[in-house]
Amino acid sequence: MDMKATKKKLGIKERYAHMTRGLGWEPTYQPADAVFPYDKYEGIKIHDWDKWVDPFRLTMDAYWKYQGEKDRKLYAVIDAFAQNNGHLNITDARYLSAIKLFWQGVSPLENYVVQGFARAGRHFRGEASRVACQMQAVDELRHYQTQAHSISNYNKYYNGFHSQRHMWDRVWYLSVPKSFGEDALTAGPFEFLIAISFSFEYVLTNLLFVPFMSGAAYNGDMSTVTFGFSAQSDESRHMTLGIEAIKFLLEQDPANVPIVQGWIDKWFWRGSKVLALVGMMMDYMLPKRVMSWKEAWEIYAEENGGALFRDLARYGIRPPKGWADACEAKDHISHQVWLLFYEYGGAAAFHTWSLTNEELDWLSAKYPDSFDKYYRPRLEFLRDKHARGERVYQSTLPTLCTTCQIPLCFTEPGDPTKISHRETVYEDEKYVFCSVHCQEIFCNEPEKFVQSWLPVNQIYQGNCFNPDVDPTAPDFDPLKAVLEYFKYNLGRDNGEFEGSEDQRNFAMWRGQASKN
Amino acid sequence: MSKVFIIVQANEEARPIVEALLQDNPHAVAQESPAMVRIEAEGKLTLNRATVEELTGQPFNIQQLHVNLISISGHIDEDDDYLTVAWAN
Ligand SMILES: [Fe+2]
Ligand SMILES: [Fe+2]
Ligand SMILES: [Zn+2]
């Protein structure tokens, strides 16, 4: 029998070329600069957009196929988790604080990144770059949705998961990731790309998704590890795009190098501050710990980031300015941020607690140069006070860094006993910073950062009370009024874990699961 | 020489990928953590379609890696028959 010769199938590289090249056209009704008004003002020069290549060469048909497969797997797990009371398999209810913080402070960033890539995809001239941005916007939307669907199961049983959208725009500690995201969203399209694809996704997101999600698995949270790794499978593509994007910009014109370097300096530092929250989640909130924040930093920032910057040196790119200070901080930030949230625990919509001796010993072993000397004595002191019935709660409001919006709790490089603090006067107004790097970011773009919506300052200005509140009433309790404005269920969402409703319910339900 | 890595989920679909990587890259090492496997190597790592197909006896598309991929570092070169990650330094 005669076989008809079939035409040879196209290879990946040819398919990708067909799907991403020659899709555009020269506009005739309007000049191209009017159609793409934002891809020049940042000073980036692009001579040949066709040099932009997605290294995975994923075409739309393959994209939908694999994304569909990922979602089918994920939703099967989410269903199984819900049907089998998967929430009772986690190590203990303290673990939920990490997921609350993730849901309150990380998931909304996914949504911001959707907006950012949708906009970048609209404003870049090159077709391949627009296809890549479009895919990434869809990915990030998937991340937000799958997180909402996975985590909603916890919201049925535990406190602090409600009112995410409301809290995001108001709660003091959520202004840290929110202002980070808004800074990126309001930058030009190229700065956005360096901020998110390169500095955040390539250099830093491994720290968020890899050890933390492995930690979720270790703590029995099948639902989180599944959405986390499902998102991370997209993230690998985003990271790869980040490194391609930076090579593309650097190869297009030597004039791009100093501009890109400035963005790397800014966004590496901003990202490292946001990740201080993740450091606390890993070292303090996971009852079973996979690795310390410091170890994760060494593997994913120092080793992998180091390799990356050695690679980029051939373009004249050096490691970010704040690199040495951020590396030194690996011994400190998780402890400093935990102590901050412990003491401001009354104002956080998740629980904090005293560590057991075993947990303190783990931290002593992981942080031989800093923990026993600076942090263990304070944690033991606070634990003793709590044991005597004097749980410490700060009720005064902290000073926030104008740039990163984190309360001043970090210490001076070289001196972990001294709180780091910088000030700049701009147009007769004094601005405060947590570090020389945050100060420099402000000074490079003062017109942008004077607009920062700093929660503490807003509270003092009376902008964080519900409309029916009367601040002149004799029994007015400002802190309570602010927490009500945040929509906290007071006494249930916030404060000490020991004795909390989450702790009691989890213990009771788990008891019911193991006997009649 | 800098290290590159590929991290995949610890599951049945990714197992032949891990095996193929270790088989074809003798300088690579696998580290297991809860739910994931990290394959790390000096300089360069290559995943070959043919090796995965030999191990499973099934056709394998290099892009199927995406489904179970967690993270990857280095510059990527992908074609129908292989995927390579490498640093230029
Ligand atoms: Fe994402
Ligand atoms: Fe992403
Ligand atoms: Zn700061």
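Any read-out appearing in this document is the output of simple, stated calculations on the displayed coordinates, not a laboratory observation. This one's a predicted model, so the numbers in the text were calculated from it and none came from an experiment. Methodologically, a virtual Cβ is constructed for each residue, glycine included, from the backbone with ideal geometry; neighbour enumeration extends over all protein chains shown.
Odds and ends about this structure:
- Computed over chain A: relative contact order in percent, which uses C-alpha pairs under 8 Å that are six or more apart: 16
- Shape category assigned to the stretch A:71-181 from the gyration tensor of Cα positions, a/c cut at 1.5: oblate
- Cα gyration tensor, the stretch B:3-86 - rounded (a/c under 1.5), prolate or oblate: rounded
- At R0 = 45 Å, FRET efficiency that the Cβ-Cβ distance of B:Ala88 and A:Asn489 yields, to 0.05: 0.25
- For GluC sites (Glu not before Pro), no site in the stretch A:14-86 is both called loop by DSSP and has at most 12 other Cβ atoms within 10 Å.
- If the convex hull is drawn through the Cα atoms of the protein assembly as shown, its volume per residue in Å³: 198
- Figure legend: label point modelled 7 angstrom from the Cα of A:Arg122 along Cα→Cβ; residues of the stretch A:15-30 with amide N under 18 Å from it are A:30.
- Residue-wise HN-Hα coupling along the stretch A:306-319, computed from phi with Karplus coefficients 6.51, -1.76, 1.60 (Hz; x: Gly, Pro): x, 4, 4, 6, 5, 5, 7, 4, 5, 8, x, 8, 10, x
- Report summary: the helix-based calculation at 222 nm, which adds -39500 (n - 2.57) for every DSSP H run with n ≥ 4 and divides by the residues of the protein assembly as shown, gives -15000 deg cm²/dmol.
- Using alpha-carbon coordinates, inclination of helix A:205-218 to the longest axis of chain A, degrees: 60
- With a Förster radius of 45 Å applied to the C-beta separation of A:Phe381 and A:Asn466, the computed FRET efficiency comes to 0.80.
- Across B:Val52, B:Val18, B:Val67, mean-square fluctuation computed from a Gaussian network of chain B (C-alpha pairs under 10 Å connected) peaks at B:Val67.
- Cα-based shape type of the stretch A:49-128, given that a ≥ b ≥ c are square roots of the gyration tensor eigenvalues and the cut on a/c is 1.5: oblate
- In sequence order, calculated HN-Hα J values of the stretch A:503-516 (Karplus, 6.51, -1.76, 1.60; Hz; x Gly/Pro): 5, 5, 5, 4, 4, 5, 5, 5, x, 5, 6, 9, 9, 7
- Extending 7 Å from the Cα toward the beta-carbon at both A:Lys40 and A:Ala473 defines two label points whose distance is 5.9 nm.
- Over 23 Å (Cα to Cα) - which of A:Lys178/A:Lys273; A:Lys13/A:Lys51; A:Lys273/A:Lys330; A:Lys330/A:Lys430 fall in this group: A:Lys330/A:Lys430
- Length added when fully stretched, A:Arg21-A:Asp71, from 0.36 nm per residue minus Cα-Cα: 15.1 nm
- Integer Hz, Karplus 6.51/-1.76/1.60 couplings in order for the stretch A:41-47, x for Gly and Pro: 5, 7, x, 6, 10, 10, 9
- Cα convex hull of the stretch A:346-461, projected area averaged across orientations, nm²: 9.3
- For the stretch A:197-351, the equivalent ellipsoid derived from the Cα gyration tensor has semi-axes of 30, 18, 13 Å, listed largest first.
- Within-13-Å neighbourhood charge of A:Glu127 [Cβ basis; K, R +1; D, E -1]: +1
- Label-to-label distance, A:Lys51 versus A:Glu295, with points set 7 angstrom from Cα along the beta-carbon direction: 4.3 nm.
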